[in-house]
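These notes are about the structure you will find just below.
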Amino acid sequence: MYFAALLARTEDGWEASDTELDDVETLSDLTDLAREVSDEDTVLVLIEQEDAWFGVVRVDGEEDPRIYVSDAAAAARSSYGEILLTDELLGRDPGDDDADLDSLDLDGTEDGEPGDSDDDEEEDQGSVSGDAVSHSPVGDRYILADLGVSEKELLALDEGDALSTIAEALGAAEVLETVR
């Protein structure tokens, strides 16, 4: 089960809204969604998959989004998690997941043999796999430091109640609970 909410910091405090991520396919789409809420103030996109992982995307005006994911391998098995797990976040050069020469079909035929098992391997290489990604946190560990959640506190959060703990530290627990 997934939960996603937007927290926007305004002059009057935090405002929360739940959000559907059905139309979000890329990090750019997610960033645009956050900017629709507020194009000047800080907006946090909070995403969690119950007891498996959570992610925070921070959008400050027109700056590039900052991302933190609590468990990269668990998130990699999730369609919403894959949106957050960019090559940069995982420490890979863009295009590293392209087929290398060892996996190309160099048997002299144009398309290879019908039903060739190499095709399946090539398709698998194009996606983020939970096996290729560690179960460690990835991203900006200081994403919430200026808002009252230190790196140490962020890393110590339990996936089951992380978003509530973050909202409480921000002074936004009540507004988050209204959209839960």
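Would you confirm, using the coordinates I've provided, whether Leu6 is among the aliphatic types (A, V, I, L, M) and either over 23 Å from Pro137 (Cβ atoms) or within 12 Å of the chain's Cα centre (by Cα) (or both)? Write out each step before concluding.
Values: among the aliphatic types (A, V, I, L, M): yes; either over 23 Å from Pro137 (Cβ atoms) or within 12 Å of the chain's Cα centre (by Cα) (or both): no.
Answer is no for this residue.
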All but one of (1) at pLDDT below 95; (2) under 25 Å from Val24 (Cβ atoms) hold for Gly115; which doesn't?
-> (2)
Give the range 34-51 a look and list any residue that's open to solvent by 40 Å² or more (accessible area, probe 1.4 Å) and in contact (Cβ under 8 Å) with a residue 12 or more places away in the chain, or say none.
-> Arg35, Val37, Asp39, Glu40, Asp41, Gln49, Glu50, Asp51
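Applying the selection to the range 52-66, what residues are open to solvent by less than 20 Å² (accessible area, probe 1.4 Å), under 24 Å from Glu11 (Cα atoms) and outside any loop (DSSP other than H, G, I, E, B)?
Val56, Val57, Arg58, Val59
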How many residues does the range 138-180 contain that are in a helix (DSSP H, G or I), closer than 17 Å to Leu7 by Cα and open to solvent by 80 Å² or more (accessible area, probe 1.4 Å)?
-> 5
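So which residues in the range 75-86 are assigned to a helix (DSSP H, G or I), open to solvent by less than 10 Å² (accessible area, probe 1.4 Å) and of a type in the set (Gly, Ala, Ser)? Give the derivation first.
Taking the range 75-86 first, the residues assigned to a helix (DSSP H, G or I) are 75-76, 79-84.
Filter again for open to solvent by less than 10 Å² (accessible area, probe 1.4 Å), leaving 75-76, 81, 84.
Once the filter is applied, which keeps residues that are assigned to a helix (DSSP H, G or I), open to solvent by less than 10 Å² (accessible area, probe 1.4 Å) and of a type in the set (Gly, Ala, Ser), the range 75-86 yields Ala75, Ala76, Gly81.
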Val138: modelled with pLDDT under 80, aliphatic (A, V, I, L, M) and in contact with a Leu (Cβ under 6 Å, 6 or more places away or on another chain), yes or no?
-> no
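Taking the condition modelled with pLDDT of 90 or more and on the phi < 0 side of the Ramachandran plot, does Ser38 pass? Can you show your working first?
Numbers: modelled with pLDDT of 90 or more: no; on the phi < 0 side of the Ramachandran plot: yes.
So Ser38 fails the test.
Restricting attention to the range 33-50, report how many residues are out of contact with any Leu (no Cβ under 7 Å at 6 or more places or on another chain) and closer than 13 Å to Ala167 by Cα. Don't jump to the end; show me each part of the working.
If we filter the range 33-50 for residues that are out of contact with any Leu (no Cβ under 7 Å at 6 or more places or on another chain), which is where we start, we get 33, 35-36, 38-42, 47, 49-50.
Filter once more, so that each one left must be closer than 13 Å to Ala167 by Cα: 47.
The qualifying residues number 1.
Suppose we filter the range 7-26 for residues that are out of contact with any Leu (no Cβ under 7 Å at 6 or more places or on another chain), buried (at least 16 other Cβ atoms within 10 Å of the Cβ) and closer than 20 Å to Glu62 by Cα; how many remain?
The initial filter retains those residues of the range 7-26 that are out of contact with any Leu (no Cβ under 7 Å at 6 or more places or on another chain), namely 8-13, 15, 18, 20-23, 25-26.
Imposing the further condition that a residue be buried (at least 16 other Cβ atoms within 10 Å of the Cβ) reduces the set to 8-9, 15, 21.
Subsequent filtering for residues that are closer than 20 Å to Glu62 by Cα retains 8-9, 15.
The qualifying residues number 3.
The values are calculated or read from the model by the stated rules, or taken from the named source; none is laboratory data. In this text the structure is predicted, and so the values were computed from the model without any measurement. Please note: Cβ atoms are built from the backbone with ideal geometry, for glycine as well, and neighbour counts cover all protein chains shown. Areas reflect the complete protein model, heavy atoms only, side chains present, ligands, DNA and RNA absent. Shrake-Rupley method; radii C 1.70, N 1.55, O 1.52, S 1.80 Å.
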